[in-house]
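The values are calculated or read from the model by the stated rules, or taken from the named source; none is laboratory data. Because the structure is a prediction, the values reported are computed rather than measured. Positions of Cβ are generated from backbone atoms using ideal geometry, with glycine treated the same way; all protein chains shown enter the neighbour counts. Each accessible area value is taken on the protein alone, full model and side chains, heavy atoms only, with ligands, DNA and RNA left out. Shrake-Rupley method; radii C 1.70, N 1.55, O 1.52, S 1.80 Å.
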Amino acid sequence: MNKNLSNEPPSNLNKNSDSSFGGNLGKKLASGDKAPDFALPDDNGVRISLASFAGKKLVLYFYPKDDTSGCTKEAIDFNGLRGEFTKAGAAILGVSPDPVASHARFKAKHKLELALASDETKAMLEAYGVWAEKSMYGRKYMGVERTTFVIGKDRQIAAVWNNVKVPGHAEAVLAAVKAL
């Protein structure tokens, strides 16, 4: 069962399941599911993949758009805790549909040192179930649902936060990573 964990540390960090991605394209992923593979350009245009993080835990966070207020706050919060995540054996990767050049400007402007990946095709966003119909002022459109996954060394999803509220989120994710 996929729970919106809000900013509370997840209670089911060690849930085990043989569930695999299979035909789940566009469906919500949950704790225990196998993390879908990906290969995307990072903010330097270099290919980054799930295999790039072999032997580490991975905090994979999806955000709507570079340099918007909520996305900037989230990136700064994760960036500020980067050393603590490293001590806990975890890497951090942010993903949005913005192009590589936008990511590079965003990182430079806010002095971010975490990796950002560009999914302009939205294939990874769909595979992780975060490309969804949204609504603002009565207008429906497709966009990124702010979501964070903690992926264990075994490539299994250990925790999921859907519809993330930014304040306190990075700290909650760090607590979950430390509990793995």
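Quick rundown of the values:
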{"item": "Cβ pairs under 6 Å, 6+ apart, first in segment 113-130 and more than 16 Å from Ala101 (Cα to Cα), second of a type in the set (Ser, Thr, Tyr)", "result": "Val130/Thr147"}
{"item": "Among the residues listed as Arg146, Arg139, the single one being among the basic types (Lys, Arg) and at pLDDT 95 or above", "result": "Arg146"}
{"item": "Matching residues, segment 20-34, being at pLDDT 80 or above and either in a loop (DSSP other than H, G, I, E, B) or among the β-branched types (Val, Ile, Thr) (or both)", "result": "Lys28, Leu29, Ala30, Ser31, Gly32, Asp33"}
{"item": "Qualifying positions in segment 23-63 - out of contact with any Asp or Glu (no Cβ under 8 Å at 6 or more places or on another chain) and of a type in the set (S, T, N, Q)", "result": "Ser31, Asn44, Ser52"}
{"item": "Candidate set: segment 66-88, residues that are surrounded by fewer than 17 Cβ atoms within 10 Å (Cβ to Cβ) and touching a residue at least 60 places away in the same chain (Cβ under 8 Å); chosen: the one nearest to Ala159 (Cα to Cα)", "result": "Glu84"}
{"item": "Leading residue by the ranking (most open to solvent (accessible area, probe 1.4 Å)) among those in segment 35-59 that are out of contact with any helix residue (DSSP H, G or I) (no Cβ under 9 Å at 6 or more places or on another chain) and in a strand (DSSP E or B)", "result": "Arg47"}
{"item": "Test: residue in segment 7-17 that is farther than 21 Å from Leu125 by Cα, in contact with a Pro (Cβ under 9 Å, 6 or more places away or on another chain), at pLDDT below 95 and in a loop (DSSP other than H, G, I, E, B)", "result": "yes"}
{"item": "Among residues of segment 133-165, those that are open to solvent by 10 Å² or more (accessible area, probe 1.4 Å), farther than 20 Å from Ala51 by Cα and touching a Ser or Thr at 6+ places or on another chain (Cβ under 9 Å), counted", "result": "5"}
